[in-house]
């Protein structure tokens with residue numbers, strides 16, 4: 001802790017700092033609450049999308065096993081573009097999933113089994129859900145990091161800066177009060193000494 005000057009100017013400086021800290025703290029606490037709320041929502045979205053993904057995988061595996069043919073369906077499909085935009089939550093930019101665009105590669109209808117079209121649609125849904133989950137995970141990472149930093153700042157203000165500044169103000173007031181009392185006592189002693197001299201003369 002830096003040493004504090006025991007002056008009226010320093011007292012004013014410390015009071016101004018305290019006002020500033022007390023003004024910023026509610027904003028930081030509000031940001032922390034907002035981040036916590038959004039993180040809970042993102043986690044709920046991730047669980048929901050993950051459950052959909054697992055359900056779709058089970059569904060696909062059930063009919064793939066029935067047909068039992070390995071036709072390399074993944075090679076008939078390519079991701080052309082993953083569309084994301086940028087959202088802003090509590091001053092932090094996060095990616096937002098917009099959509100995914102696929103390119104279907106041509107295949108021979110006579111060679112491939114009849115269920116390939118259905119399989120391609122299922123793979124598209126799987127890839128879209130997977131991409132959405134990845135974007136949500138990135139959102140979660142960014143928001144969690146911002147929450148960590150904001151929590152540190154809230155703790156710094158609540159547990160360090162505000163108590164430290166209040167203590168500095170208290171110390172300066174005590175010192176200045178003592179100085180004022182000492183000055184009054186010195187004045188009375190000097191007056192008494194002057195009165196004693198003038199009375200002796």
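A short reminder: the numbers here are calculations on the coordinates, not readings from a lab. All values reported here derive from a predicted model rather than from experimental measurement. Reconstructed Cβ throughout: ideal geometry from the backbone, glycine too, with neighbour counts over all protein chains shown.
Here are the numbers for the structure shown:
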{"read-out": "Paramagnetic reach from residue 188 (point 7 Å along Cα→Cβ, amide N under 18 Å) across region 153-180", "value": "177-180"}
{"read-out": "Cα-based helix-to-principal-axis angle, 162-200 vs the chain, degrees rounded to 10", "value": "10 degrees"}
{"read-out": "Förster radius 22 Å - calculated FRET efficiency between residue 7 and residue 160 (Cβ-Cβ, nearest 0.05)", "value": "0.45"}
{"read-out": "Pair-distance profile P(r), taking every C-alpha pair of region 150-189, with 5 angstrom steps and integer %", "value": "6, 23, 13, 14, 10, 9, 8, 6, 5, 3, 2, 0"}
{"read-out": "Value at 222 nm in deg cm²/dmol, rounded to 500, when DSSP H runs of n ≥ 4 in the chain each add -39,500 (n - 2.57)", "value": "-26000 deg cm²/dmol"}
{"read-out": "Compactness of region 24-160 as Cα Rg over 2.2 N^0.38 Å, two decimals", "value": "1.48"}
{"read-out": "Computed lengthening from residue 197 to residue 33, 0.36 nm per intervening residue step minus Cα-Cα distance", "value": "51.9 nm"}
{"read-out": "FRET E, pair residue 173, residue 145, Förster distance 45 Å, beta-carbon r, rounded to 0.05", "value": "0.65"}
{"read-out": "Intensity falloff of region 123-201 expressed as log10 I(q)/I(0), Debye formula with alpha-carbon point scatterers, at q = 0.14, 0.21 Å⁻¹", "value": "-0.75, -0.95"}
